[in-house]
Amino acid sequence: MDDINCTGTEAALADCRARPWGNNNCHHGEDAGVVCSDSALPHLAQVQLLNSPSRCAGRVEVIRNQLWGTVCDDGWDLQDAGVVCRQLGCGTALSAPGGARFGQGSGPILLDEVNCTGTEAALSECRARPWGDHNCHHREDAGVVCSGSGISEVAQLRLVNGSSRCTGRVEVLHNQQWGTVCDDSWDIIDAQVVCMQLGCGTALSAPGAGRFGRGSDPIWLDDVQCKGTEIGLSECRARPWGHNNCHHGEDAGVVCSDTDISEVTQLRLVNGSSHCAGRVEVFHNKKWGTVCNDSWDLLDAGVVCRQLGCGTALSTPTGAHFGRGSDHIWLGNVNCTGTEAALSQCRARPWGDSNCTHEEDAGVVCSDSGISEQTSLRLVNGPSRCTGTVEVLHNQQWGTVCDDSWDLTDAGVVCRQLGCGTALSAPGAAHFGRGSDPIWLDAVHCTGTEAALSDCTARSWGDNNCNHGEDAGVVCSDSRISQQTQLRLVNGLNRCTGRVEVLHSQLWGTVCDDSWDFAEARVVCRQLGCGMALSAPGGARFGRGTDPIWLDNLHCTGEEAALSDCRAQPWGDHNCNHGQDAGVVCSDSSVPERAPIRLVDGSSRCAGRVEVFHNQEWGTVCDDSWDITDAGVVCRQLGCGTVLSALAGAQFGQGSDRIWLDDVQCTGTEAALAECRVRPWGDNNCHHREDAGVVCSDSSVPERDSIRLVDGSSRCSGRVEVFHNQQWGTVCDDGWDITNAEVVCRQLGCGTALSALAGAHFGQQSDPIWLDDVQCTGTEAALSECRARPWGDNNCHHGEDAGVECSDQGQLSLRLTSGPSPCSGRVEVLINNTWSAVCDAGWGLPEAGVVCKQLGCGPALSAPGAAQFGHGAGDVWLEGVSCLGQESLISECQLSRLGPGQCGHGSEASVVCAGQAGSGLLLSLLLGLGAVVVLIFVALLCWRMRRDGAAGNPLGHVHLKELRAPGTPPRSQGAANPEPSEEPDSQMTWLVREDMVL
């Protein structure tokens with residue numbers, strides 16, 4: 001029945017108006033239900049969860065006498081929460097937080113000392129005090145987080161090396177990498193948060209000292225201090241991520257009460273060669289059924305393999321790879337985080353609700369299956385099993401793969417799947433011969449993380465527009481074949497351009513450019529599957545190698561299959577140096593590498609330290625010449641909108657890997673950072689204190705007007721106020737320190753923090769107290785990115801309002817000293833009532849231009865450094881000033897350090913401006929005229945010296961008698977100490993020379 005419309009007077013449902021029998025536009029996911037007053041479930045729907053983004057998490061409220069009220073947390077535990085989650089159809093309970101974790105209710109407290117067995121259908125069936133009888137207040141309101149809430153903390157935590165998923169060494173996920181927790185301050189309260197987060201009951205013990213074995217990954221957390229009410233371990237107070245004084249002998253562990261949880265009996269793999277490979281089937285309502293492959297991936301398969309004790313997942317074959325099931329399709333759109341103990345704990349559609357057929361039944365191959373993935377994939381027609389034409393098995397028949405979009409990433413998946421190491425090349429165009437069987441796959445697109453080629457996206461099996469002249473091939477590193485496969489291009493923008501290197505005797509080396517020409521380059525490009533050769537540069541165009549020079553005097557015809565097939569001197573026999581290393585640029589070199597860039601240690605994927613991927617390794621970018629144009633390319637490449645700022649001086653922390661790029665110079669039109677002009681890969685004169693960063697418009701970094709300082713002496717000092725819910729409010733001084741103040745000053749462009757003031761130093765406000773317990777690491781772009789209580793949640797009064805004093809105080813006072821005019825000289829700033837010089841690191845015309853503009857001295861002519869106008873009396877401050885040139889004040893420019901620090905005397909920055917404060921036009925004209933005169937004089941002097949050198953005065957010395965004034969008697973030959981020149985090398989002369997050089 002559908003569209004039922006009853007008046008209420010009918011004696012039976014069949015008497016109501018409705019569509020004709022069987023006529024409907026519904027599916028079983030819309031089946032109707034009823035709860036009657038005599039159903040023995042009097043309050044089945046009378047519970048709700050409030051104050052959370054999800055209906056499956058929040059403060060528990062129940063209804064009684066048409067009035068909603070809260071539940072006291074006395075005795076509240078995971079069993080009670082489990083009843084609520086099941087009653088609401090929200091899966092299982094992840095945690096049962098008390099202490100008004102989701103805010104305090106305002107209605108009556110209706111239930112206290114709830115004690116459920118866990119089998120009840122509704123919370124009202126559990127044992128409890130009589131309705132309304134309690135000894136609680138709303139600070140004890142109970143809450144629930146269910147598995148269907150979408151809250152992701154559970155995915156960030158796991159227990160390893162224990163007897164079950166509920167006991168073991170604690171590991172947390174940060175920056176896409178698992179790491180351990182140090183046992184400093186580790187106790188039963190911290191362990192309790194872990195157990196609740198994982199849905200493992202209560203904590204029995206909190207062992208430390210590497211009780212469950214030593215980890216080998218980073219130690220992410222130290223000095224963890226939980227209150228016990230947190231939903232996840234990451235909400236507890238701790239040192240910043242990665243900051244610790246520990247070793248893995250101090251790794252923390254947990255033993256939870258539910259260590260015997262097991263759902264292994266509810267899952268099986270069928271139609272495979274063992275119980276660890278096959279079609280996935282789950283048991284529900286006393287009946288086995290299949291799983292739809294929509295969204296099915298390696299994380300989901302990993303849960304299956306672990307649940308069955310079958311090791312790790314090797315592949316996730318879809319499309320009924322292990323045959324079609326015939327029973328129900330129980331699960332669809334499964335989405336596991338990878339930490340679940342059983343597939344049934346993963347997020348999915350409701351049981352039996354799917355839009356699939358059995359042609360989409362999901363499968364799994366686990367590492368303990370005894371199945372070699374080589375049985376569904378092979379390389380043929382090559383000299384070994386690790387090189388050749390790619391063939392895949394489908395419908396019991398082998399077939400080839402089309403080379404449309406075939407690249408090194410796809411080949412890498414093949415090599416890893418076959419246990420053949422890494423991919424050296426991905427040749428297409430039937431490099432290893434034409435196949436004759438079906439072309440099974442086309443338009444393959446792998447990300448590089450897949451365990452099997454069948455996991456990559458591609459057209460449907462057999463759907464292609466290719467012929468066998470386009471069969472794809474692979475050459476893997478473990479092919480143990482002739483040297484023809486051991487070739488690579490390095491230090492180029494991508495794998496198809498760079499210095500030529502060959503592998504011999506297990507060692508990479510270069511090729512000498514003697515006789516190197518287009519024919520040799522053509523062989524290299526074809527061998528690497530990089531299209532045609534565009535050029536064959538020599539002379540170490542892509543940087544000098546440091547390893548052996550293996551090949552010299554190569555003579556190729558251009559038709560060879562590999563460089564090693566060409567004629568050459570014996571291996572290692574050469575008369576070259578690395579200044580003659582040969583290079584190649586192939587036609588496919590303009591194709592940028594896939595996803596070679598990322599931003600790390602920021603508040604989102606669109607803000608952070610810039611890192612690029614090269615030679616299978618991530619590395620950083622030096623901030624030399626780093627500017628807003630370079631940062632704009634990064635933001636566009638990542639799809640992060642436009643650039644907000646280009647940060648220098650390791651503002652997002654220092655990297656620890658290679659520094660890949662230096663002196664980046666983008667025009668702004670490039671599609672990827674790797675296309676910009678730059679030094680060769682790895683060639684730099686930097687350290688990690690110069691790592692570059694970026695903040696893009698899509699980074700969710702709030703604009704500057706979301707924070708302000710009020711009631712201070714300038715815009716850069718005062719009481720901290722933040723904007724939330726269309727209203728300004730204050731920040732509580734609980735935990736307020738100089739690190740938090742530093743974030744505020746940087747966000748407002750006010751330099752660095754001088755002090756972090758508490759106790760309403762700048763007066764009390766009457767608006768809301770928005771933030772409390774703020775904990776910044778110091779790298780955040782805005783105060784709202786720091787850890788803190790939820791907005792408005794505090795235990796403060798306005799006598800605790802926090803304040804800040806920043807170094808800039810709105811505008812730095814500037815002056816130029818020791819110069820020939822008020823508009824040239826050494827740059828000094830007034831800090832703490834003391835004039836101090838500015839460091840010349842990174843100092844250039846943009847910075848000098850801002851100084852000249854601020855002082856009203858016109859445009860900048862030059863930006864000399866190295867204390868050209870003498871040393872200052874005070875310290876050297878303001879390190880790493882970086883201006884775009886459009887700023888009106890030097891305080892608006894970016895700054896890596898207020899100082900004093902790395903710069904000392906001899907590093908003072910200076911400027912020479914075109915004008916003078918006020919009307920300096922006359923002085924400018926005089927300076928220009930003087931420059932012309934001196935230029936003519938120097939030219940004549942050089943001409944005279946050259947003429948004298950040709951006439952027997954090889955040193956080109958100018959005789960004093962030749963320069964004497966008319967009527968001056970010649971000095972005798974015996975004069976021992978001639979008078980100095982009448983033209984001293986004055987500062988004005990030096991200024992002219994500086995101007996000429998620039």
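For the reader, a short list of remarks on this structure follows.
- Residue match in segment 65-78 (condition: of a type in the set (Gly, Ala, Ser) and at pLDDT 90 or above): yes
- Where a residue in segment 53-72 is open to solvent by less than 30 Å² (accessible area, probe 1.4 Å) and its partner, wherever it lies, is among the hydroxyl-bearing types (Ser, Thr, Tyr) and at pLDDT 85 or above, with Cβ under 9 Å and at least six apart: 59/70; 60/70; 61/70; 62/70; 62/124; 70/106
- Restricting segment 81-96 to residues that are touching a strand residue (DSSP E or B) at 6+ places or on another chain (Cβ under 7 Å) and not in a loop (DSSP other than H, G, I, E, B), the residue that is surrounded by the fewest Cβ atoms within 10 Å (Cβ to Cβ) is 87.
- Segments classed as strands (runs of 3 or more DSSP E), wholly inside segment 435-549, with at least 3 members that are in contact (Cβ under 8 Å) with a residue 60 or more places away in the chain and out of contact with any Pro (no Cβ under 8 Å at 6 or more places or on another chain): 487-490, 497-504
- Test: residue in segment 614-622 that is over 19 Å from residue 779 (Cβ atoms), without any contact (Cβ under 8 Å) to a residue 40 or more places away in the chain and open to solvent by 40 Å² or more (accessible area, probe 1.4 Å): no
- Reported count of residues in segment 540-559, each being open to solvent by 30 Å² or more (accessible area, probe 1.4 Å) and either within 37 Å of the chain's Cα centre (by Cα) or closer than 26 Å to residue 473 by Cα (or both), is 7.
- Residues of segment 564-577 classified as open to solvent by less than 40 Å² (accessible area, probe 1.4 Å) and not small (Gly, Ala, Ser), total: 2
- Scanning segment 462-486 for residues that are at pLDDT 85 or above and open to solvent by 60 Å² or more (accessible area, probe 1.4 Å) yields 463, 465, 467.
- Lone unmet requirement of (1) aliphatic (A, V, I, L, M); (2) open to solvent by less than 40 Å² (accessible area, probe 1.4 Å); (3) farther than 20 Å from residue 246 by Cα; (4) at pLDDT 85 or above for residue 189: (2)
- A search for C-beta distances below 6 Å between a residue of segment 557-584 that is in a helix (DSSP H, G or I) and any residue that is surrounded by 13 or more Cβ atoms within 10 Å (Cβ to Cβ) and among the polar types (S, T, N, Q), counting only pairs 6+ apart in sequence or on different chains, returns 564/483; 564/484.
- Residues satisfying the stated conditions in segment 735-765, i.e. within 11 Å of residue 806 (Cβ to Cβ) and of a type in the set (D, E, K, R): 742, 746
- Any hit, segment 512-523, residues being polar (S, T, N, Q), farther than 24 Å from residue 430 by Cα and open to solvent by 10 Å² or more (accessible area, probe 1.4 Å): yes
- Which numbered condition residue 728 fails, given (1) at pLDDT 80 or above; (2) more than 30 Å from residue 888 (Cα to Cα); (3) open to solvent by 20 Å² or more (accessible area, probe 1.4 Å); (4) not polar (S, T, N, Q): (2)
- Considering (1) under 30 Å from residue 243 (Cα atoms); (2) at pLDDT 85 or above, the lone condition that residue 616 does not fulfil carries the number (2).
- A single entry from 141, 183 fulfils the requirement of being charged (D, E, K, R), touching a residue at least 24 places away in the same chain (Cβ under 8 Å) and in contact with a helix residue (DSSP H, G or I) (Cβ under 6 Å, 6 or more places away or on another chain): 183.
- For residue 189: the one exception among (1) more than 30 Å from the chain's Cα centre (by Cα); (2) assigned to a loop (DSSP other than H, G, I, E, B): (2)
- Hits in segment 893-921 - residues which are at pLDDT below 70 and within 14 Å of residue 852 (Cα to Cα): 916, 917, 918, 919, 920
- Members of segment 228-239 that are farther than 17 Å from residue 188 by Cβ and open to solvent by 50 Å² or more (accessible area, probe 1.4 Å): 234, 235, 239
- Candidates 314, 331, 308 - the one that is more than 21 Å from residue 458 (Cα to Cα), buried (at least 23 other Cβ atoms within 10 Å of the Cβ) and under 35 Å from the mean Cα position of the chain (by Cα): 331
- Leading residue by the ranking (modelled with the lowest pLDDT) among those in segment 589-600 that are open to solvent by 60 Å² or more (accessible area, probe 1.4 Å) and either among the acidic types (Asp, Glu) or not in a loop (DSSP other than H, G, I, E, B) (or both): 593
- Test for residue 298: is it modelled with pLDDT of 80 or more, on the phi < 0 side of the Ramachandran plot and open to solvent by 50 Å² or more (accessible area, probe 1.4 Å): yes
- Taking each residue of segment 306-333 that is farther than 30 Å from residue 166 by Cβ and touching a residue at least 60 places away in the same chain (Cβ under 8 Å) and looking for partners that are of a type in the set (Ser, Thr, Tyr) and not in a loop (DSSP other than H, G, I, E, B) with beta-carbon atoms closer than 6 Å, six or more apart or interchain, yields 317/454.
- Test result for residue 214, surrounded by fewer than 22 Cβ atoms within 10 Å (Cβ to Cβ), among the charged types (D, E, K, R) and either more than 25 Å from the chain's Cα centre (by Cα) or outside any strand (DSSP E or B) (or both): yes
- Counting only strands (runs of 3 or more DSSP E) that fall entirely inside segment 97-185 and contain at least 3 residues that are within 15 Å of residue 60 (Cβ to Cβ) and open to solvent by less than 10 Å² (accessible area, probe 1.4 Å), the qualifying elements are 143-146.
The values are calculated or read from the model by the stated rules, or taken from the named source; none is laboratory data. None of these values were measured; they are calculated from a predicted model. No Cβ is skipped: glycine too gets one built from the backbone with ideal geometry, and neighbour counts run over all protein chains shown. Each accessible area value is taken on the protein alone, full model and side chains, heavy atoms only, with ligands, DNA and RNA left out. Shrake-Rupley method; radii C 1.70, N 1.55, O 1.52, S 1.80 Å.
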